[in-house]
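One structure below.
The values are calculated or read from the model by the stated rules, or taken from the named source; none is laboratory data. The structure displayed is predicted, hence computed values, not measured ones. All Cβ positions, glycine included, derive from the backbone under ideal geometry; neighbour counts span all protein chains shown. Side chains included, ligands, DNA and RNA excluded: accessible areas come from the protein's heavy atoms. Shrake-Rupley method; radii C 1.70, N 1.55, O 1.52, S 1.80 Å.
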Amino acid sequence: MINVVVADDELPAVAELAHLLSLDARVGSIHRANSGAEALKALEEFEIDALFLDIHMPALSGLDIARVISRFTRPPAVVFVTADEDQALEAFELAALDYVLKPVRPERLAESIRRICELTEEDSTKPEMITVEKGGITKLIRRDEVHYVQAQGDYARLHTQDSSYLIRVPLNDLEQQWGPAGYIRIHRSYLVAMDSISTVKLATGKASVLINGTELPVSRRALPYLRERMAANRVRPL
């Protein structure tokens, strides 16, 4: 299912499009916005797969929003929903996925949703890329290259096979963002990739994991969940 934002400065238009979207089983959460600013706020607060944008909104137009999100590492899909036929070219120059004319027909909207779902499925097979800096050089690394993350105040250090990178993101935030990708908190100072754990050591009063030759502590609080995740990976007879 896809999560979407509907943005239009006219309340009836938002309500109508949100209703049509709610009738499609492929659509999950629908966040309503009556301005460009509200649409951008929704992007900050929620995981969004697509935006349905009116082109003509005061202050921040739909085209303005498309320009902003085009700079995202993984921007959501953009579908323009408008009565204006004349700006389709500019819309597609901004990599819009679709351009739907008002009044919106359900079958036409279904086609837009199909395109979004296809794009979302394609993106789910691509590795997440992370922008990091080291020695004054900015580069992109794959998230699945990160074996574990170490807290360093308001920063976090990402440890890969051959190097480490400091990013200005607290470990608590990474725990929430990367949990669905298989990263678990084993200690207040460590977040680890489950598939990078080679050994779990249990001793009286303490536990640890071995990742890429490095031994990391497991807190008492985190140990039951780690055991649960390890048990889920056991091979059992049919």
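Worth a mention:
- The chain, accessible area per residue, ligands and nucleic acids excluded (1.4 Å, Å²): 59 Å²
- Loop-resident sites, segment 88-196, for trypsin sites (Lys or Arg not before Pro), counting at most 10 other Cβ within 10 Å (DSSP): ARG168
- When the solvent-accessible area of segment 88-171 is split by element, carbon and sulfur atoms take up 51 percent of it, the probe being 1.4 Å.
- CD proxy at 222 nm, helix term only [per DSSP H run n ≥ 4: -39500 (n - 2.57); per residue of the chain; nearest 500]: -9000 deg cm²/dmol
- Within segment 1-57, trypsin sites (Lys or Arg not before Pro) in DSSP loop having at most 14 other beta-carbon neighbours inside 10 Å: ARG26
- One entry in [x] 30; [y] 36; [z] 47 is percent of Cα pairs over 28 Å apart calculated from the shown coordinates; its label is [z].
- Cα gyration tensor, segment 197-238 - rounded (a/c under 1.5), prolate or oblate: oblate
- Net charge dipole size for segment 111-238 [Lys, Arg +1 and Asp, Glu -1 on Cβ; Debye, nearest 20]: 700 debye
- Ranked by the mean number of other Cβ atoms within 10 Å of their residues, highest first, the peptides 101-107, 58-64 fall in the order 58-64, 101-107.
- Scanning the chain for chymotrypsin sites (Phe, Trp or Tyr not before Pro) in DSSP loops with at most 15 neighbouring Cβ atoms within 10 Å leaves 73-238 as the longest stretch between them.
- Separation of segment 102-123 from segment 1-46 is 14 Å, based on Cα centroids.
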